[in-house]
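Working notes, structure below.
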Amino acid sequence: HLAARAGVRPSLAEPALYQRVNVEGTVNILESARKNGVPRLVIASSSSVYGVNAKVPFSEADPIFSAISPYAASKLACEALGHTYHHVYGLEIVMLRFFTVYG
């Protein structure tokens, strides 16, 4: 799912809004998928979950518990919820960590 508030800077001014839209919205989608027998869900996350990382390029194995904005924390929470729904309910989760694209 792609439904979310985006942007690090705006999240600094409205952290509760980002939690409500991104985290609670993801719970609603996960619950709907679970209750309706959806076998797989693709969830959009963000490179922001890596926080400040001097290592380039990033690796999926790099630590992700260093969120430095409400936006990043909300995306990290969504990833944790996806992980939980996979292990508790068997819902297959594909998590995509998008990066900002220039070009």
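Tabulated data for the structure shown
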read-out	value
Principal axis box of region 8-98, alpha-carbon based, largest edge first, Å	40, 30, 18
In order through region 16-24: 3J(HN,Hα) via Karplus (6.51 cos²θ - 1.76 cosθ + 1.60), integer Hz, x for Gly, Pro	5, 4, 5, 5, 5, 6, 6, 7, 5
Sequence-separation-based contact order of the chain, relative, with Cα cut under 8 Å and 6+ spacing, percent	37 percent
Residues listed by number, region 35-56, amide nitrogen under 19 Å from Glu92 label point at 7 Å toward C-beta	35-45
Distance in nm between pseudo-label sites at Phe99 and Leu17 (7 Å out along the Cβ direction from Cα)	2.9 nm
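Here, each number is a calculation from the coordinates, and none is a lab measurement. All values derive from a computational prediction rather than experimental measurement. Virtual Cβ from ideal backbone geometry, glycine too; neighbours counted across all protein chains shown.
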